[in-house]
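The values are calculated or read from the model by the stated rules, or taken from the named source; none is laboratory data. Since the model is a prediction, treat every value here as computed from it, not as a measurement. Counting neighbours? That spans all protein chains shown, and the Cβs are built from the backbone with ideal geometry, glycine included. Surface accessibility is based on the protein's heavy atoms, side chains included, excluding ligands, DNA and RNA. Shrake-Rupley method; radii C 1.70, N 1.55, O 1.52, S 1.80 Å.
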Amino acid sequence: MQVFHRASGLVAFVALASTSVPAVVAAEVESEPAAQLELIVVTAARTTSPLAIVTDAKAPRQPVPAHDGADYLKTIAGFNVIRKGGADADPLFRGMAGSRVNILADEANLLGGCGMRMDPPTAYIFPQSYDTIRVLKGPQSVLWGAGGSAATVLFERDPYDVATDSDHFNASVLQGRWGRQDVMAEGLAGTALGYVRVDGSYARADDYDDGHGDQVHSEYERWHTKGALGWTPDDDTLVELSAVVSDGEAAYADRMMDGAKFSREGFALKASRSAVSTLIDTLELQLNYSYIDHVMDNYSLRDFVPSMMMPNRSASNPDRETIGGRLSADLVIGERIDVVVGIDAGDNRHSVRSTMNQSLMPYQSMRRVDDATFEQRGVFTETTWRSTDDRSWIGGARVDHWGVHDDRQTIRQGMMLVPNTTAGAEDEDWLTSAFVRVEQSLRSGTPAETTLFAGVGYSERVADYWERFGNDKQSLTSNSAFYTDPERTAQFDTGIIRAAETYRVSVSVFVNDIGDYVLIDTRVPGKPMNTVVTRSVDARTFGGELEAALRVADHWQLESSLAWTQGENRTDDVALAQMPPVEARVALSYARERWTAGGLLRWVAAQDRVDPGRGNIVGQDIGESDTFTVFSLNAGYSFGSVRVTTGIDNLLDATYAEHLSRSGAMVAGYVQTERVNEPGRLWWLKADLAL
């Protein structure tokens with residue numbers, strides 16, 4: 001494991017996200033004169049190329065190091081997360097949630113099982129078990145499936161290299177306030193003929209307190225283990241078989257049930273061959289299988305209190321089985337043109353069993369009932385043409401066929417089951433996606449380098465499980481939202497990256513039009529209270545991110561960032577719901593020899609552009625929110641193969657909640673709040689070992 005990520009030019013970006021605390025600034029200084037110091041920065045992700053962000057998943061950071069995928073993504077520029085408790089938050093990018101953000105682990109799509117989004121895909125991701133996290137902004141790639149109109153996120157492991165990879169072992173231990181404990185270990189052993197890689201993790205925490213000292217229903221416990229066996233008969237061939245098993249439980253402060261089980265079993269087979277011919281540089285095949293078994297109930301992690309809505313112990317046990325595959329070829333056409341061509345496919349089946357009286361009719365004795373089946377087949381191509389030494393054109397296109405089947409015989413309306421008017425129906429759609437981008441490098445004869453970029457992208461996606469089926473959603477005219485139209489996004493991106501010896505600046509802006517934007521509406525005129533309706537509206541969003549870093553003196557570095565997104569519901573002529581407020585960060589870090597220290601101020605503006613009761617599959621606008629400021633400190637020290645980092649998040653013990661948050665539920669023994677409040681003052685200490 002690479003313990004630190006070396007950043008050239010003595011610069012790094014602070015990630016901006018809707019989170020209570022900043023990214024850690026921990027650095028190590030070489031034994032050289034001060035003027036030649038090179039910082040090893042573990043701040044967070046930085047923009048490495050136009051519309052692409054890459055971060056070291058194993059690097060320490062502040063807030064307290066992540067225990068799941070969403071917890072890490074909130075430190076990356078443009079991301080927010082919707083808090084529900086202590087774990088399993090749902091990520092958004094530029095205000096876009098759900099399948100608008102494609103989540104892939106080891107290049108395979110992940111899908112949760114809960115119809116109420118208890119388990120978004122990131123709930124099954126353990127960040128430190130990966131090597132890098134890569135974010136592709138907007139519809140500017142077609143390699144990773146249809147959808148992902150806002151962003152594509154890839155959690156990746158570096159492929160084994162016979163020539164450079166050596167046996168290693170890495171481990172980390174973290175202890176923090178409110179019983180927070182993380183343990184992770186990873187090892188690799190190999191020869192010229194192959195390798196074995198194993199990793200595992202365990203994380204737990206008790207309920208945390210907000211700044212007022214009020215306890216939030218938020219405890220969790222989770223673990224995972226993964227193994228991979230690789231065969232490398234020669235330098236150009238790799239075959240890998242891997243398996244992963246994980247489980248956990250989590251308490252939720254935003255609803256009447258908790259997650260009592262988050263079981264996942266996954267298998268993958270990868271095969272690649274390099275230097276196939278003068279035309280084919282690399283040929284790669286991947287097959288994957290995943291099964292998620294999830295249980296939610298109202299008694300395992302809380303005191304059961306009968307109510308009119310839930311007079312008995314209740315439980316629901318959804319599951320999802322996913323099978324996928326991908327075949328791609330990297331082609332080299334002359335010295336300046338690279339082409340990727342490929343096909344991919346994926347099928348997933350969702351079923352559920354539940355009980356309203358676990359004591360008399362346990363869900364374990366009930367038969368599972370299928371409710372939805374999705375099928376996808378796609379073909380894609382992407383080309384990079386380096387027209388000159390300073391200019392590149394990148395473009396691509398894909399076509400997908402989707403088939404969706406409604407397996408529900410009945411659907412729930414309030415406390416009643418009624419016949420499903422679309423039972424047995426099939427919905428088929430052909431989707432197209434395409435983009436083109438130009439990147440221009442400006443060379444001024446100085447050490448500074450400037451890159452300008454501009455791109456146009458178009459993406460179509462089908463309404464996902466949660467928009468059509470989750471919580472038995474209705475349409476404006478039917479008791480079923482099954483026939484929801486595909487969403488169409490056309491987006492323009494442009495920006496500039498400038499890097500010099502003592503500073504780095506990145507600016508990116510975007511504007512898009514979204515046709516048939518899938519809006520989740522809980523206040524439709526003429527519909528009964530608590531009816532959840534899936535509507536199609538026309539929408540527009542625009543905004544951007546500014547990131548900058550400056551070396552102000554020997555050992556000192558100043559970093560800042562600003563993010564802004566605004567949306568409009570053009571059909572209803574109102575603000576588009578679930579848009580994040582303006583956010584700014586300023587950080588100052590100091591590094592000398594083996595130790596570092598730093599502080600960061602995070603400021604989030606008030607948000608008054610809201611549309612209460614409307615939003616997405618994760619949550620709806622609650623109302624306006626106030627501004628808040630959070631200050632945090634961190635420090636680190638390295639000696640030999642051990643690195644120790646520590647931090648205090650929310651140093652001033654502020655009481656606040658993010659604008660994008662779920663409403664607080666009435667949980668027995670806890671104070672109910674308008675939103676789920678963020679943690680108060682939190683200390684943590686982490687040790688990493690690399691051998």
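Are any of the residues in the range 635-644 aliphatic (A, V, I, L, M) and open to solvent by less than 20 Å² (accessible area, probe 1.4 Å)? Steps first, please.
First pass over the range 635-644, keeping only residues aliphatic (A, V, I, L, M): 635, 642, 644.
Still in the running and open to solvent by less than 20 Å² (accessible area, probe 1.4 Å): none.
Checked against the condition, which is being aliphatic (A, V, I, L, M) and open to solvent by less than 20 Å² (accessible area, probe 1.4 Å), the range 635-644 yields no hits at all.
Within the range 365-411, being touching a residue at least 40 places away in the same chain (Cβ under 8 Å) and of a type in the set (Ser, Thr, Tyr) holds for 381, 383, 384, 387, 392. Within the range 609-629, does at least one residue satisfy the condition of being of a type in the set (S, T, N, Q), closer than 30 Å to residue 469 by Cα, in contact with a Ser or Thr (Cβ under 7 Å, 6 or more places away or on another chain) and in contact (Cβ under 8 Å) with a residue 60 or more places away in the chain? There is at least one residue in the range 609-629 that is of a type in the set (S, T, N, Q), closer than 30 Å to residue 469 by Cα, in contact with a Ser or Thr (Cβ under 7 Å, 6 or more places away or on another chain) and in contact (Cβ under 8 Å) with a residue 60 or more places away in the chain. Residues in the range 61-93 that are open to solvent by 10 Å² or more (accessible area, probe 1.4 Å), modelled with pLDDT of 90 or more and part of a loop (DSSP other than H, G, I, E, B): 86, 89.
From (1) among the acidic types (Asp, Glu); (2) in a strand (DSSP E or B); (3) open to solvent by 60 Å² or more (accessible area, probe 1.4 Å); (4) over 24 Å from residue 120 (Cα atoms), pick out the condition that doesn't hold for residue 338. Here residue 338 clears every test but (3). So, restricting to strands (runs of 3 or more DSSP E) that lie completely within the range 216-295, which ones have at least 3 residues that are more than 20 Å from the chain's Cα centre (by Cα) and among the basic types (Lys, Arg)? Result: 258-274. Every listed requirement among (1) in a strand (DSSP E or B); (2) modelled with pLDDT of 95 or more is met by residue 602 save one, (2).
Is it true that residue 593 is surrounded by fewer than 19 Cβ atoms within 10 Å (Cβ to Cβ) and over 30 Å from residue 99 (Cβ atoms)?
Working: surrounded by fewer than 19 Cβ atoms within 10 Å (Cβ to Cβ): yes; over 30 Å from residue 99 (Cβ atoms): yes.
For residue 593, the condition - surrounded by fewer than 19 Cβ atoms within 10 Å (Cβ to Cβ) and over 30 Å from residue 99 (Cβ atoms) - is met.
Candidates in the range 517-545 are the residues that are of a type in the set (D, E, K, R) and in contact (Cβ under 8 Å) with a residue 60 or more places away in the chain; of these, the one that is nearest to residue 477 (Cα to Cα) is 535.
Scanning the range 208-221 for residues that are of a type outside the set (A, V, I, L, M), open to solvent by less than 30 Å² (accessible area, probe 1.4 Å) and over 15 Å from residue 67 (Cβ atoms) returns 210, 211, 217. In the range 466-486, the residues that are on the phi > 0 side of the Ramachandran plot form Cβ pairs under 6 Å with partners that are of a type outside the set (A, V, I, L, M, F, W, C), at six or more places apart or across chains, as follows: 471/115; 472/412.
Taking the range 222-248, which residues are surrounded by fewer than 19 Cβ atoms within 10 Å (Cβ to Cβ) and of a type in the set (Asp, Glu)?
Within the range 222-248, 234, 235, 236, 247 qualify.
Among the residues making up the range 658-679, those that are in contact with a Ser or Thr (Cβ under 7 Å, 6 or more places away or on another chain) and open to solvent by less than 50 Å² (accessible area, probe 1.4 Å) are 658, 659, 660, 664, 675, 676, 677, 678, 679.
When residue 568 is tested against (1) touching a Ser or Thr at 6+ places or on another chain (Cβ under 8 Å); (2) acidic (Asp, Glu); (3) open to solvent by 30 Å² or more (accessible area, probe 1.4 Å); (4) modelled with pLDDT under 95, only condition (4) is not met. Can you give me the number of residues within the range 349-381 that are over 24 Å from residue 406 (Cα atoms), open to solvent by 60 Å² or more (accessible area, probe 1.4 Å) and part of a strand (DSSP E or B)? The total comes to 1. Of the residues examined, residue 425 is not one that is aliphatic (A, V, I, L, M), crowded, with 16+ Cβ neighbours inside 10 Å and touching a strand residue (DSSP E or B) at 6+ places or on another chain (Cβ under 8 Å).
When residues of the range 462-506 are filtered for being assigned to a strand (DSSP E or B), open to solvent by 20 Å² or more (accessible area, probe 1.4 Å) and either among the charged types (D, E, K, R) or at pLDDT below 95 (or both), how many remain? Talk me through it step by step, then tell me what you get.
Our first condition is that a residue be assigned to a strand (DSSP E or B); within the range 462-506, this holds for 474, 487-499, 503-506.
Now drop any that are not open to solvent by 20 Å² or more (accessible area, probe 1.4 Å), which leaves 474, 488, 490, 492, 494, 496, 498-499, 503-505.
Right, trim to either among the charged types (D, E, K, R) or at pLDDT below 95 (or both) and you get 474, 488, 498-499, 503-505.
Total satisfying the criteria: 7.
Could we say that residue 548 is open to solvent by less than 50 Å² (accessible area, probe 1.4 Å) and either touching a residue at least 40 places away in the same chain (Cβ under 8 Å) or not in a strand (DSSP E or B) (or both) here? Against the criterion (open to solvent by less than 50 Å² (accessible area, probe 1.4 Å) and either touching a residue at least 40 places away in the same chain (Cβ under 8 Å) or not in a strand (DSSP E or B) (or both)), residue 548 qualifies. Scanning the range 403-416 for residues that are crowded, with 21+ Cβ neighbours inside 10 Å and hydrophobic (A, V, I, L, M, F, W, C) turns up 404, 411.
For residue 651, state whether it is within 30 Å of residue 184 (Cβ to Cβ), open to solvent by 10 Å² or more (accessible area, probe 1.4 Å) and without any contact (Cβ under 8 Å) to a residue 60 or more places away in the chain.
Working: within 30 Å of residue 184 (Cβ to Cβ): yes; open to solvent by 10 Å² or more (accessible area, probe 1.4 Å): yes; without any contact (Cβ under 8 Å) to a residue 60 or more places away in the chain: yes.
Considered against the rule, which asks whether it is within 30 Å of residue 184 (Cβ to Cβ), open to solvent by 10 Å² or more (accessible area, probe 1.4 Å) and without any contact (Cβ under 8 Å) to a residue 60 or more places away in the chain, residue 651 comes out as yes.
Taking the criterion of being out of contact with any Phe, Trp or Tyr (no Cβ under 8 Å at 6 or more places or on another chain), part of a strand (DSSP E or B), surrounded by fewer than 19 Cβ atoms within 10 Å (Cβ to Cβ) and of a type in the set (Gly, Ala, Ser), the only residue of the range 507-545 that qualifies is 515. Is there a residue in the range 436-448 that is open to solvent by less than 40 Å² (accessible area, probe 1.4 Å), hydroxyl-bearing (Ser, Thr, Tyr), in a loop (DSSP other than H, G, I, E, B) and modelled with pLDDT under 95? Within the range 436-448, none of the residues are open to solvent by less than 40 Å² (accessible area, probe 1.4 Å), hydroxyl-bearing (Ser, Thr, Tyr), in a loop (DSSP other than H, G, I, E, B) and modelled with pLDDT under 95.
Residues in the range 306-326: is at least one modelled with pLDDT under 95, in a strand (DSSP E or B) and open to solvent by 30 Å² or more (accessible area, probe 1.4 Å)? No: zero hits.
Considered as a group, the residues in the range 121-180 that are open to solvent by 40 Å² or more (accessible area, probe 1.4 Å) and either in a strand (DSSP E or B) or among the β-branched types (Val, Ile, Thr) (or both) include one that is farthest from residue 341 (Cα to Cα), and that residue is 175. Of the set (1) farther than 21 Å from residue 87 by Cβ; (2) buried (at least 21 other Cβ atoms within 10 Å of the Cβ); (3) of a type in the set (A, V, I, L, M, F, W, C), all apply to residue 682 but (1).
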